[in-house]
Amino acid sequence: MTQLEIGRIAVIGAGKMGSTLIHSLLERTGLEPRQLIGTRKQLEPLSRLGESEGIQTTTDNVEAVKKADLVLLCVKPQVIIEVLDQIGPFLHSRQVVVSIAAGVTTRQIEERLGAGFPVIRAMPNTASLIGAGMTAICAGSSVSEDQIKTTQAIFAALGRTIVLDEKHFDAVTGLAASGPAFIYIIIEALAEGGVKVGLPRIVATELAAQACFGAAKMVLETGAHPALLKDDVTTPAGCTMDGILTLEEGGLRVTLIKAVVQATRRSGELGT
């Protein structure tokens, strides 16, 4: 368990990702429920969150941020400026503001809050739900090294973290944030192939999912290039080579590259 030394965290927009952050912080760090407060417009899911996690909840964003040391903005890109205008007058420069809104830059947030506010941008993905997420982090112009480390510790509760220059963040969104959806399609397609050759659907889905999980773990834990690991599976004149030839003929490689490029372009449009 990661020991997180921080006072109070306000999670603004405790929807799916915000609720995941709250649950993971309580489960995988030393934080206690009294250190967290979550906000959301909808009363019913907000009430359920408060009951399940034991944290304080409110529909009042301003009330939530007043006593917070760190403010996590988990709202959609389309409403983040509205939220910043709402809470900005009640923030002070000793607080850290962390945004997970895709396409919204640290500079845009700093312009709304004013000079001197520590602003950090983070981009987690949906695998954070099971502690297997990937979160990229970048710092605004007034952030200290300790504030970056604290933010890394927060998102380490969800999986892996990496600190990058902000110029890469649209690409991170296109690859790491959108990527799981691409992999789900691949798993689904592999499972369909298994059904086509006679496997029960539930068995085919488990085999396909575990194959993807194992392959990903091999890349991460061995540090070997995926091409080398692929070659280890591909024996001369074997069945894998026939399958790879079919993938190349179908344009899988090029299609996945284009998918990342298109998702990256769309990410760049969200904050404009």
Return the whole-Å distance between the Cα centroid of the stretch 68-138 and the Cα centroid of the stretch 181-248. 37 Å
On a 0 to 90 degree scale, rounded to 10, what angle separates helix 16-28 from the longest Cα axis of the chain? 90 degrees
In square nanometres and to one decimal, what's the mean projected area of the convex hull around the Cα atoms of the stretch 77-118? 2.6 nm²
I need the P(r) histogram for the stretch 1-112: all alpha carbon pairs, bin width 5 Å from 0 out to the longest distance, whole percents. 2, 12, 25, 26, 19, 12, 4, 0
For the stretch 122-272, what number results from the quotient of the Cα radius of gyration and 2.2 N^0.38 Å? 1.23
Residues with beta-carbon under 13 Å from that of P33, excluding P33: net charge, scoring Lys, Arg +1 and Asp, Glu -1? -2
Compute the distribution of all C-alpha to C-alpha distances in the stretch 42-106, in bins of 5 Å from 0, and list the percent of pairs in each, rounded to whole numbers. 3, 16, 24, 25, 20, 10, 2
Rounded to the nearest 0.05, what FRET efficiency do S142 and E32 have when you use their Cβ-Cβ distance and R0 = 22 Å? 0.15
Quick numbers on the stretch 187-226, Rg and Dmax over C-alpha atoms in Å, give 12.0, 35
When all alpha-carbon pairs of the stretch 53-175 are counted, what percent fall beyond 26 Å? 16 percent
Could you list the square roots of 5 times each eigenvalue of the Cα gyration tensor of the stretch 190-272, that is, the equivalent ellipsoid semi-axes, sorted largest first and rounded to whole Å? 27, 18, 16
Counting only the backbone N, which residues of the stretch 207-248 are under 20 Å from the spot 7 Å out from the Cα of E192 toward its beta-carbon? 207-213, 243-248
Multiplying the sequence separation of L228 and K167 by 0.36 nm and subtracting their Cα-Cα distance, what value in nm do you get? 19.0 nm
Quick check: convex hull over the Cα atoms of the stretch 1-42, volume per residue in Å³, rounded to an integer? 60 Å³
Projected onto their principal axes, the Cα atoms of the chain stretch, largest extent first, over whole-Å spans of 67, 38, 31
Determine the gain in length on full extension of the stretch I202-E249; use 0.36 nm per residue of separation and subtract their C-alpha separation, reporting nm with one decimal. 14.1 nm
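Quick note: the coordinates plus some simple rules give every number you see, no bench work behind them. This one's a predicted model, so the numbers in the text were calculated from it and none came from an experiment. Every residue, glycine as well, gets a Cβ built from its backbone with ideal geometry; the counts of neighbours run over all protein chains shown.
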